[in-house]
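Here is the structure we will look at.
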Amino acid sequence: MEDVVTKPWHRFTFRTVWRGLPAPPCRVYAELEQVGNYPSWWPQIREASARDHESGTVRLRSVLPLEHRVTLRAEWRDPAAGELGVVMAGDLRGWVRCVVIAEPGGGSRVDFEQYTEVATPFLRFVALPGRPLLRANHTLMMRAGHRGLTAWLRSLEED
């Protein structure tokens, strides 16, 4: 049984898989590297600016009326293996690791692993009672990102 008093309720671990992406892994990887383009295909990423090839800042908001500003910095890259990892700072802290893999029959899938700590005082306060809502909010954001990237990749094929 977990000790409710010492459980770090402001920390979250997520695993998400995006299947059926209509492009080879190298193309999907290239899109995921381009943080500045995220608002073009990911509706919840309202604004993004690349500082350089290694870092950028995003402003995001999903279903809940909570806006987050997060700085992303590439921590590791291995294009040949399809691995990309970033460190997050700002309203959300932690890291995201994604691995882009070829799917049998064509296309790609992306496996995401994410560790996040909510950093703002308000979110830390509501993290325990609001935990199910915060997790659902993340799930909806990731689903929209999957749909958005799928549509974006299809539009690139048509050009």
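Only the coordinates and a few stated rules stand behind these numbers; no lab work does. For clarity, every value in this text was computed on a predicted model and none was experimentally measured. Don't worry about glycine lacking a Cβ; one is built from the backbone with ideal geometry, like all the others, and counts go over all protein chains shown.
Hey, if you put +1 on the Cβ of every Lys and Arg and -1 on every Asp and Glu Cβ in region 11-158, which of A119, W18, Y29 ends up farthest toward the positive end of that dipole? So the residue we want is A119. Label-to-label distance, R147 versus V87, with points set 7 angstrom from Cα along the beta-carbon direction: 3.5 nm. Sequence-distant contacts, meaning Cα pairs under 8 Å at least 6 residues apart, place the relative contact order of region 33-74 at 30 percent. Based on the reciprocal of the average 1/r between different C-alpha atoms, the Kirkwood radius for the chain equals 16.4 Å. Fully extending the segment from A80 to V17 would add 20.7 nm, taking 0.36 nm per residue of separation and subtracting the current Cα-Cα distance.
Multiplying the residue separation of R61 and I101 by 0.36 nm and removing their Cα-Cα distance gives an extension gain of 11.6 nm. The ellipsoid equivalent to the alpha-carbon distribution of region 94-133 has semi-axes of 34, 11, 5 angstrom, derived from the gyration tensor eigenvalues as √(5λ) and listed largest first. Considering helices alone, the calculated mean residue ellipticity of the chain at 222 nm is -9000 deg cm²/dmol, with DSSP H runs of length four and up weighted by -39500 (n - 2.57) and normalised per residue. Taking Cα atoms only, the orientation of helix 131-158 departs from the longest principal axis of the chain by about 10 degrees.
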